[in-house]
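Asker: Got a structure for you, questions after.
The values are calculated or read from the model by the stated rules, or taken from the named source; none is laboratory data. Quick caveat, the model's predicted, so the values are computed rather than measured. Ideal geometry is used to build each Cβ from the backbone, glycine not excepted, and the neighbour counts take in all protein chains shown.
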Amino acid sequence: MSLSEDFWDNRYKTKDIGWDLGEISPPLKAYFDQLTDKNLKILIPGGGNSYEAEYLHHRGFKNVYVIDLSKTALYNVKLRVPSFPSAHLIQNNFFYLEKSFDLIIEQTFFCAIDPNLRPAYTVKAFELLNRNGKIVGLLFDAPLNTNEPPFGGSKTEYLDYFSPYFDILVMENAHNSHHTRTTKELFFMAQKKQ
């Protein structure tokens with residue numbers, strides 16, 4: 001299984017992106033709507049078409065960054081939102097990123113990477129976050145695929161990955177999921193351990 005730059009870029013070029021809702025995910029919209037600090041430095045890894053970044057940008061958040069392997073996905077964001085800063089659209093591997101953030105937004109990325117990289121993901125998220133930083137978002141709460149993304153999982157499994165590095169503030173069934181994901185995702189919020 002080669003989840004390479006070419007693999008992901010081809011998926012966006014051919015629009016083989018079944019996980020893409022075509023709009024901001026309702027649980028994340030609800031979370032963003034209660035944020036008041038517009039100076040938060042926010043990262044959306046594997047952001048793809050990144051409707052979340054678009055929503056935050058239009059709400060006045062100036063420090064939103066999207067990282068993705070697919071240049072096509074990042075081009076799609078810039079095409080839709082010309083005022084989004086080009087320097088904040090990073091074509092690179094999440095695991096090579098060397099910046100710091102207050103908040104990481106998880107929206108289908110964790111379940112898109114090779115499941116063998118999940119322990120490395122939690123370590124990298126810990127490293128990228130500033131003191132008291134948080135990771136917030138959605139995780140698929142279903143088995144899903146074993147041979148191609150998206151890869152699913154369960155709350156028990158996710159707790160094993162995140163608990164060594166994060167205090168889990170919330171991890172529960174999302175009550176306001178997009179209708180295509182009802183009962184299939186967990187909303188979670190975790191704070192970097194000191």
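Asker: If you take the residues in the range 100-123 that are part of a helix (DSSP H, G or I) and either in contact (Cβ under 8 Å) with a residue 24 or more places away in the chain or among the hydrophobic types (A, V, I, L, M, F, W, C) (or both), which one is farthest from TRP8 (Cα to Cα)? Give the derivation first.
Answerer: Step one: list which residues in the range 100-123 are part of a helix (DSSP H, G or I), which gives 115-123.
Still in the list and also either in contact (Cβ under 8 Å) with a residue 24 or more places away in the chain or among the hydrophobic types (A, V, I, L, M, F, W, C) (or both): 115, 117-123.
Working: PRO115: 16, LEU117: 16, ARG118: 18, PRO119: 21, ALA120: 20, TYR121: 18, THR122: 22, VAL123: 23 Å.
Ranking the qualifying residues of the range 100-123, first place goes to VAL123.
Asker: Tell me, please, whether a residue that is touching a Pro at 6+ places or on another chain (Cβ under 6 Å), touching a residue at least 24 places away in the same chain (Cβ under 8 Å) and surrounded by 18 or more Cβ atoms within 10 Å (Cβ to Cβ) can be found in the range 77-99. Walk me through it before giving the result.
Answerer: If we filter the range 77-99 for residues that are touching a Pro at 6+ places or on another chain (Cβ under 6 Å), which is where we start, we get 94.
Those still in the list that are touching a residue at least 24 places away in the same chain (Cβ under 8 Å) too: 94.
Cutting the leftovers down to surrounded by 18 or more Cβ atoms within 10 Å (Cβ to Cβ) gives us 94.
For the range 77-99, residues touching a Pro at 6+ places or on another chain (Cβ under 6 Å), touching a residue at least 24 places away in the same chain (Cβ under 8 Å) and surrounded by 18 or more Cβ atoms within 10 Å (Cβ to Cβ): present.
Asker: Restricting to the range 22-39, and then to whatever is buried (at least 18 other Cβ atoms within 10 Å of the Cβ) and among the aliphatic types (A, V, I, L, M), can you tell me which residue is modelled with the lowest pLDDT?
Answerer: ILE24
Asker: Given the criterion in contact with a Lys or Arg (Cβ under 8 Å, 6 or more places away or on another chain) and aliphatic (A, V, I, L, M), identify the matching residue among LEU69, LEU89. Steps first, please.
Answerer: Working: LEU69 fails: in contact with a Lys or Arg (Cβ under 8 Å, 6 or more places away or on another chain).
Criteria check complete, one pass: LEU89.
Asker: Tell me, which helices (runs of 4 or more DSSP H) wholly within the range 1-76 include 1 or more residues that are closer than 24 Å to ARG181 by Cα, free of Cβ contacts under 8 Å to residues at least 40 places away in the same chain and within 17 Å of the chain's Cα centre (by Cα)? Explain how you work it out, then say what you get.
Answerer: On the way: elements: 5-13, 26-33, 51-58.
Ranges flagged: 26-33, 51-58.
Asker: Kindly evaluate LEU139 against the criterion of being over 24 Å from ASN39 (Cα atoms), surrounded by 13 or more Cβ atoms within 10 Å (Cβ to Cβ) and in contact with a strand residue (DSSP E or B) (Cβ under 6 Å, 6 or more places away or on another chain). Quick ask: steps written out before the conclusion?
Answerer: Details: over 24 Å from ASN39 (Cα atoms): yes; surrounded by 13 or more Cβ atoms within 10 Å (Cβ to Cβ): yes; in contact with a strand residue (DSSP E or B) (Cβ under 6 Å, 6 or more places away or on another chain): yes.
In short, yes.
Asker: Follow-up question, since we're still on this one. Does LYS155 qualify as being free of Cβ contacts under 8 Å to residues at least 40 places away in the same chain and in contact with a helix residue (DSSP H, G or I) (Cβ under 7 Å, 6 or more places away or on another chain)?
Answerer: On the way: free of Cβ contacts under 8 Å to residues at least 40 places away in the same chain: yes; in contact with a helix residue (DSSP H, G or I) (Cβ under 7 Å, 6 or more places away or on another chain): no.
It is false that LYS155 is free of Cβ contacts under 8 Å to residues at least 40 places away in the same chain and in contact with a helix residue (DSSP H, G or I) (Cβ under 7 Å, 6 or more places away or on another chain).
Asker: Additional query: Starting from residues that are among the β-branched types (Val, Ile, Thr) and more than 19 Å from LYS29 (Cβ to Cβ), keep the ones in the range 149-182 and report whichever is surrounded by the most Cβ atoms within 10 Å (Cβ to Cβ). If you could, list the steps in order and put the result at the bottom.
Answerer: Start the filter on the range 149-182 by keeping residues that are among the β-branched types (Val, Ile, Thr), which leaves 156, 168, 170, 180, 182.
Those left that are additionally more than 19 Å from LYS29 (Cβ to Cβ): 156, 168.
On the way: THR156: 7, ILE168: 14.
Ranking the qualifying residues of the range 149-182, first place goes to ILE168.
Asker: For the list (1) surrounded by fewer than 21 Cβ atoms within 10 Å (Cβ to Cβ); (2) free of Cβ contacts under 8 Å to residues at least 60 places away in the same chain; (3) touching a strand residue (DSSP E or B) at 6+ places or on another chain (Cβ under 8 Å), I need the number of the one condition that PHE126 fails.
Answerer: Unmet condition: (2).
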